[in-house]
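First comes the structure, then the notes that go with it.
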Amino acid sequence: GRVPLTLTFQKEVGERIVAEAGDSQRCRLSVISQLYCNVKWNFSIGGCAFVPPPKVDVAVVTFRPLVQPYVDVPFNIVEALLRMMFHFKRKVLRYPGRVMFENDLKTTNEFFNKASVDPLLRPQDLTLAEWKRLCDAYVEMRPGIVPHDTLHVKVKSRNQQKRDEKAELERAELKKAEEASKGGEEKKATEAAGRDATSTQKSVQTLENVSAESPR
């Protein structure tokens, strides 16, 4: 069931897929592709070879699935761990590690010590063997628990709270405007009724005066 695939990508994406450890282009896509497949850059094709021509060049990359993947860990845990670590790509590994373990420095240090990985490295610097050890260490420490970006959730919660407060303020302002509009309409109706009553009273008074002045 392991069928090699030769696929085309935007050239920049292809470069990221095959990027080795230490390459500035190395990212989550690089690592997750290489943990499960041998990836090979074949060649690039200029955009002018296509009709209509795209504005980018194209990379041709071959994926050959490994008989035995580098990691023997559930895919969702591998993917979540990589996403967590590369979410802070410009930071050393200790920072996303602390976020993942909810700022527990002791557990964070234990995690990196167990994996024999230097926490002062950056994610793009790690080899596949080091990523394997990180995945194994995480599963050993937290079996069955998917890594969770608590910082992202907190930021999202704060942003949601701000949106809720803004929506509540808008609803209050709308209600106030509706009440003001309703009050203005009631005032106009009262004034109109008052004018009608005054007009009616004057008409009655005029009729009474006319009746009083008429000869009997």
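If R0 is 35 Å, the Cβ-Cβ spacing of ASN113 and ASN38 corresponds to a FRET efficiency of close to 0.70.
Peptide packing: for 45-56, 89-100, the average count of neighbouring Cβ atoms within 10 Å per residue gives the ranking 89-100, 45-56, highest mean first. With both labels modelled 7 Å from their Cα along Cα-to-Cβ, the LEU128 to VAL92 distance reads 2.8 nm. Hey, for a label at ASP57 modelled as a point 7 Å past Cα toward Cβ, could you say which residues of region 4-27 have their backbone N under 19 Å away? Within reach of a label on ASP57: 7-20, 24-26. Remark: the LEU121-PHE9 segment gains 37.4 nm on full extension, using 0.36 nm per residue and subtracting the alpha carbon distance.
Probing with 1.4 Å while keeping every protein chain in the model, the per residue accessible area of region 6-164 equals 58 Å². Taking 25 Å as R0, compute the FRET efficiency from the Cβ-Cβ separation of PHE50 and ASP23 and round it to 0.05. Plugging the Cβ-Cβ distance into 1/(1 + (r/R0)^6) gives 0.35.
The values are calculated or read from the model by the stated rules, or taken from the named source; none is laboratory data. Note that the structure is predicted; figures quoted are calculated from it, not measured. Please note: Cβ atoms are built from the backbone with ideal geometry, for glycine as well, and neighbour counts cover all protein chains shown. SASA here: full protein model, heavy atoms, side chains in, ligands and nucleic acids out. Shrake-Rupley method; radii C 1.70, N 1.55, O 1.52, S 1.80 Å.
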